[in-house]
Amino acid sequence: MSNARSDILGAVKAALQQAGGPQRADTTSVVSASKRLGDHRANLIPARGRLGVKARVDLFIREAEQASATVARVSGLSGLPREVARYLAKNNLPMTLKVAPGISEPAIPWTRETLLSVEEGRADGSESASVSRAFAGIAETGTLVMLSGPENPTTLNFLPPTHVVVVAASEIVGDYEETWNRLREKGQQGRFMPRAVNWITGPSRTADIEQTLLMGAHGPQRLHIVIVDEETPAP
Amino acid sequence: MESTTAAFRENAAKALGDAKLRDALSKLADGFPARRREAMARLPEFEALRDAARDIKDHVLANLDFYLEAFEARVVEAGGTVHWCRTAAEARTAILRICKLAGAKTVTKGKSMIGEEIAINEHLEEHGIEPVETDLGEYIIQLRHEPPSHIIAPAIHLSKEQVADTFREKHRHLSPGRSLDEPRALLDEARNELRQKFIGADVGLTGANMLIAETGSIVLVTNEGNADLTYSLPRVHIVIASLEKVVPTLEDATTILRVLARSATGQEMSVYTTFCTGPKREGDLDGPEAFHVVLLDNGRTEMLGGDFHEMLRCIRCGACLNHCPIYKAIGGHAYGWVYSGPMGAVLIPGLIGLEEAGHLPNASTLCGKCEDVCPVRIPLPRMLRTWRQRQFEKRLTSSVSRSGLKFWSHLARRPWLYRLVADIAVATLAVLGRSRGRFRRLPLAGGWTKLRDLPAPEEGGTFISRYHRAGHGDGA
């Protein structure tokens, strides 16, 4: 295989040199390419998300609903169990939940909601609903950003038919680029990417049969977003 | 995959006679283009974003070796492995070896055009491993042993009745009396069948919409969530991607994502966009233990720096298919190989040879709609013309059309001669057509007059001669 590697890279170099574009005349382009990797400069960012806090959260809600998610707001994290119970009851869904370890007891008073049966951990396909915590919401398109890790297993995002996601109002940003910057600041230099970053915009869907749009193809059929207005540290 | 591209004329004739296919294609023509227009109208920066996306891809291609090496280094740092493969055969061997080392019996698959290109399913089956397509459309066509007929809607050519028949035939363990009249019932049945496969699979094989050099991440875009179950449940995740999929940074990937879904389905963003970086980390409760990236050349380095260089900018959104009058008339299967539409007509000759795929660049009216809608502004019509020119140079066209073209170019380069011949021809046609006013049949133009009449010219001569007579033009 090492032969294949040098053959391919050799063929790439030869093709680019032969093409002789101004970009390959000397080594400046490699310098600028490596600078580009280090600078990770943003390209054009649409103006849509550049709003004040309140308008940004409103845009996030509008866009998420446009993508067929439902949205509720609670004033503090302690209000989450009641909202989840309300949502499940209203939709006639079983009152059982698998919650991400990062938002299990005692951080969230789940046991206060006596009708709910709550377990924590990853999903295995037997669950009817899950709750996990978003790293950010992106107002531009109503997109949630989920990070994998011991506190937030990826399977919770995809296996259960109902997915509830908690996001703080203060974590709702205008555009995708802001979340990359926040992620770089949060992580150690060089290894800031978790194993999986999942952008989620609405519930799972398909139009593969006669272009008929149907929800719940393989992932969740319902995506419910709970925005928490207070009790969260500012980013 | 075996190609039937050489039989394009027969394929196209068959497709045109297929009423069910025409129904299915008319739904496509109504759906995607209208939704794309709505999405564009909502985003004032859309045109500028297309320029930005094009510039990113141009920059990557001009520094492709640098970015590929950077990508590989980051994958290794994250605990993954990169397998470089020159040909489809090498990629098949690499994937099979990983599967065998993992003791795999079942491999779940996310939709991958490169997977189709290297015919990985057939290869795994031959070696006793069961590949299971998990994208709903891909699953349906896998059951029917058909290739995809559209990049992002692989089963677009089928009616729900055809899907129901396929499920009844293949899902024998289910009650024969069940109702499969509605798309919902079909989806639920496929979802249940595939749930078992997802959970039992040993290896998950996905493609990649992009590879990110900055972080060693691979990007997966789906609406169903099938790719996410494919990489997060099995022990091993294999990614297959061609060289040109690499982009520099997360910011560059983001810019391309802003034009991808809008161009493809008219969505603001696809439902699931995933950035995978290496295998499971310490403390993770889920995720694969091993992460492999199979990097495939398969003809890309030959396109690099040449007449078809810009084709390597393609992000596989399918917009050119959705807007192509030829694709909308015949569908994807007539093209006879993995890709179709304008991008297929440019790419396929480059990958399987002009001898085999020579009909495709000719299956175009050169209307230019494909270039108009391409999110990375690939000059597809120009490339189609370049292929036609190569055919002429390589003497692959018929001697009649070659001598016709030679005659034409001889005339076209001598204006006085051209005018003389045109004057004679128009005068002759005017005299011959005087009585009827039109021609039912003409020598050398049988293909044209078969379906319509040619109006006879009036007796005033050619446009140029009338123009001069009216006192315009040089010297008048």
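The values are calculated or read from the model by the stated rules, or taken from the named source; none is laboratory data. All values reported here derive from a predicted model rather than from experimental measurement. Cβ sites come from the backbone with ideal geometry, for glycine too, and all protein chains shown count toward neighbours.
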Here are some conditions: (1) farther than 30 Å from B:L347 by Cβ; (2) surrounded by fewer than 13 Cβ atoms within 10 Å (Cβ to Cβ). B:T462 meets all but one. Which one does it not meet? (2)
Can you pull out every residue in the range A:152-177 that is out of contact with any Ser or Thr (no Cβ under 9 Å at 6 or more places or on another chain) and not hydrophobic (A, V, I, L, M, F, W, C)? A:G174
Neighbours by Cβ (under 8 Å, 6+ apart or cross-chain): first from the range A:76-89, modelled with pLDDT under 95; second among the small types (G, A, S): A:L77/A:A107
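Looking for something over 22 Å from A:I8 (Cα atoms), over 21 Å from the mean Cα position of the chain (by Cα) and within 9 Å of chain A (Cβ to nearest Cβ) - is there at least one such residue anywhere in the range B:4-22?
In the first step, residues of the range B:4-22 are kept if they are over 22 Å from A:I8 (Cα atoms); the result is B:4-22.
When the remaining residues are screened for being over 21 Å from the mean Cα position of the chain (by Cα), the result is B:17-20.
Keeping just the survivors that are within 9 Å of chain A (Cβ to nearest Cβ) gives none.
No.
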Is it true that some residue in the range A:114-122 is in a loop (DSSP other than H, G, I, E, B), in the same structural domain as A:R73 (by TED's automatic domain parsing) and β-branched (V, I, T)? yes
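From the list B:T134, B:T166, exactly one residue is among the polar types (S, T, N, Q) and out of contact with any Phe, Trp or Tyr (no Cβ under 8 Å at 6 or more places or on another chain). Which is it? So that I can check it myself, show each step before the final result.
Details: B:T134 fails: out of contact with any Phe, Trp or Tyr (no Cβ under 8 Å at 6 or more places or on another chain).
Unique residue meeting the criteria: B:T166.
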In the range B:268-297, the residues that are assigned to a loop (DSSP other than H, G, I, E, B), more than 8 Å from chain A (Cβ to nearest Cβ) and either in contact (Cβ under 8 Å) with a residue 24 or more places away in the chain or surrounded by 24 or more Cβ atoms within 10 Å (Cβ to Cβ) (or both): B:P288, B:E289
Number of the exception - B:A253 against (1) buried (at least 24 other Cβ atoms within 10 Å of the Cβ); (2) farther than 30 Å from A:D39 by Cβ: (2)
Quick one: what pairs do we get from the range B:127-153, first residue touching a residue at least 24 places away in the same chain (Cβ under 8 Å), second among the acidic types (D, E) and not in a strand (DSSP E or B), C-beta under 6 Å, 6+ apart or different chains? B:L136/A:D208; B:G137/A:D208
Looking at the range B:192-260, what strands (runs of 3 or more DSSP E) fall wholly within it and have at least 2 residues that are without any contact (Cβ under 8 Å) to a residue 60 or more places away in the chain and touching a strand residue (DSSP E or B) at 6+ places or on another chain (Cβ under 8 Å)? B:217-222, B:236-242
Pairs, first among the basic types (K, R) in the range A:17-35, second surrounded by 12 or more Cβ atoms within 10 Å (Cβ to Cβ) and at pLDDT 65 or above, C-beta under 8 Å, six or more apart: A:R24/A:L16; A:R24/A:Q17; A:R24/B:A62
Flag if B:A201 is surrounded by 24 or more Cβ atoms within 10 Å (Cβ to Cβ), within 11 Å of chain A (Cβ to nearest Cβ) and at pLDDT 95 or above: no
Does the range B:382-418 hold any residues that are surrounded by 11 or more Cβ atoms within 10 Å (Cβ to Cβ) and part of a loop (DSSP other than H, G, I, E, B), and which are they? B:K394, B:L396, B:T397, B:R414
Which listed residue is within 11 Å of chain A (Cβ to nearest Cβ) and surrounded by fewer than 20 Cβ atoms within 10 Å (Cβ to Cβ), from B:G128, B:G79, B:G137: B:G79
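Among the residues of the range A:210-220, how many are touching a Ser or Thr at 6+ places or on another chain (Cβ under 7 Å) and either surrounded by fewer than 24 Cβ atoms within 10 Å (Cβ to Cβ) or not in a loop (DSSP other than H, G, I, E, B) (or both)?
First, pick out the residues of the range A:210-220 that are touching a Ser or Thr at 6+ places or on another chain (Cβ under 7 Å): A:210, A:214-220.
Now restrict to residues that are either surrounded by fewer than 24 Cβ atoms within 10 Å (Cβ to Cβ) or not in a loop (DSSP other than H, G, I, E, B) (or both): A:210, A:214-216.
Of the residues in the range A:210-220, 4 are touching a Ser or Thr at 6+ places or on another chain (Cβ under 7 Å) and either surrounded by fewer than 24 Cβ atoms within 10 Å (Cβ to Cβ) or not in a loop (DSSP other than H, G, I, E, B) (or both).
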Of A:T206, A:T162, the only residue that is farther than 16 Å from A:T70 by Cα and over 15 Å from the mean Cα position of the chain (by Cα) is A:T206
Taking the conditions exactly as written (touching an Asp or Glu at 6+ places or on another chain (Cβ under 8 Å), at pLDDT 95 or above and under 30 Å from A:A196 (Cβ atoms)), does B:G207 satisfy them or not? no
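Take A:V131 and tell me if it is surrounded by fewer than 24 Cβ atoms within 10 Å (Cβ to Cβ), more than 7 Å from chain B (Cβ to nearest Cβ) and either under 17 Å from the mean Cα position of the chain (by Cα) or outside any strand (DSSP E or B) (or both).
Working: surrounded by fewer than 24 Cβ atoms within 10 Å (Cβ to Cβ): no; more than 7 Å from chain B (Cβ to nearest Cβ): yes; either under 17 Å from the mean Cα position of the chain (by Cα) or outside any strand (DSSP E or B) (or both): yes.
Taking the combined requirement at face value, the residue does not satisfy it.
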Suppose we keep only residues that are in a loop (DSSP other than H, G, I, E, B) and over 15 Å from B:Y139 (Cβ atoms) within the range B:158-173. Which one would you say is nearest to the other protein chains (Cβ to nearest Cβ)? B:S159
In the range A:69-90, which residues are surrounded by fewer than 18 Cβ atoms within 10 Å (Cβ to Cβ) and within 14 Å of A:L115 (Cβ to Cβ)? A:R82, A:R86, A:A89, A:K90
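Please state which one of A:A100, A:A47 is within 11 Å of chain B (Cβ to nearest Cβ) and farther than 24 Å from A:G216 by Cα.
Every option except A:A47 fails the conditions.
So if I check each of A:T162, A:T143, which one is facing another protein chain (nearest Cβ under 10 Å) and either closer than 30 Å to B:A155 by Cβ or buried (at least 19 other Cβ atoms within 10 Å of the Cβ) (or both)? It would help to see each step written out before you state the result.
Details: A:T162 fails: facing another protein chain (nearest Cβ under 10 Å).
Among A:T162, A:T143, only A:T143 is facing another protein chain (nearest Cβ under 10 Å) and either closer than 30 Å to B:A155 by Cβ or buried (at least 19 other Cβ atoms within 10 Å of the Cβ) (or both).
So which residues in the range A:111-124 are surrounded by 14 or more Cβ atoms within 10 Å (Cβ to Cβ) and out of contact with any Ser or Thr (no Cβ under 7 Å at 6 or more places or on another chain), if there are any at all?
Residues of the range A:111-124 that are surrounded by 14 or more Cβ atoms within 10 Å (Cβ to Cβ), as a first pass: A:113, A:116, A:118, A:120-123.
Those that are surrounded by 14 or more Cβ atoms within 10 Å (Cβ to Cβ) and out of contact with any Ser or Thr (no Cβ under 7 Å at 6 or more places or on another chain): A:E113, A:L116, A:V118, A:G121.
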